[in-house]
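Input: a single structure, listed below in structure tokens.
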Amino acid sequence: MDGALDCDLGLCPLTNSMPVLRHRLHREPGEREFLMAWVQVPELTVRPSPQRYTRLGPAADGGALIRYTSGEFQRDITVDRDGFVVDYPGLARRIGPAHG
């Protein structure tokens, strides 16, 4: 796990916010590659996971559309203006007001 700064907890879209926030991808263009400590759920096994986050452009309410890639897996996730995941297709979507 040398070089892994973040964990990626399986089935938890919140952990996708950490690299987005660290590199301001919710506010600035860019593409970053990371080595994550991926925690498989429910087994709780941990393994290295190379991942890429690419800002595709702006989203509603000042957020951004981010492409998350890990191996052959890819999802276009939406983050709010604060960098937190609000829509992860097939997994989770925030309901209710973002700032209320």
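Counting only DSSP H runs of at least 4 residues, each contributing -39500 (n - 2.57), and dividing by the residue count of the chain, the helix-based mean residue ellipticity at 222 nm comes to -1500 deg cm²/dmol. Over the chain, accessible surface divided per residue gives 61 Å², non-protein components excluded, 1.4 Å probe. Legend: residues LEU65, LEU11, sorted from most to least accessible area (1.4 Å probe; ligands, DNA and RNA excluded), read LEU11, LEU65. Going by a ≥ b ≥ c, the root eigenvalues of the Cα gyration tensor, does the range 45-100 fall in the rounded group (a/c under 1.5), the prolate group (a/b larger than b/c) or the oblate group? Because a/c hits 1.5 or more and a/b exceeds b/c, the range 45-100 counts as prolate. Dipole magnitude for the chain: about 200 debye, using +1 per Lys or Arg Cβ and -1 per Asp or Glu Cβ, origin at the Cα centre.
Could you look at the range 1-86 and say what percent of its accessible area is carbon and sulfur, using a 1.4 Å probe and all protein chains? Before the final figure, lay out each step's value.
Working: 2660 of 4930 Å².
Its accessible area is 54 percent carbon and sulfur atoms.
Accessible surface for THR78 stands near 30 Å², nearest 10, in the context of the full protein assembly shown (1.4 Å probe).
What the phi angles of the range 46-60 give under the Karplus curve with 6.51, -1.76 and 1.60, with θ = phi - 60°, is a coupling list of 10, 9, x, 9, x, 9, 10, 10, 10, 6, 8, x, x, 10, 4 Hz, glycine and proline written as x.
The values are calculated or read from the model by the stated rules, or taken from the named source; none is laboratory data. Bear in mind the structure is a predicted one, so any value in this text is a computation, not a measurement. As a convention, Cβ positions derive from the backbone with ideal geometry for all residues, glycine included, and neighbour counts pool all protein chains shown. What goes into the accessible areas is simple: the full protein's heavy atoms, side chains included, and nothing from ligands, DNA or RNA. Shrake-Rupley method; radii C 1.70, N 1.55, O 1.52, S 1.80 Å.
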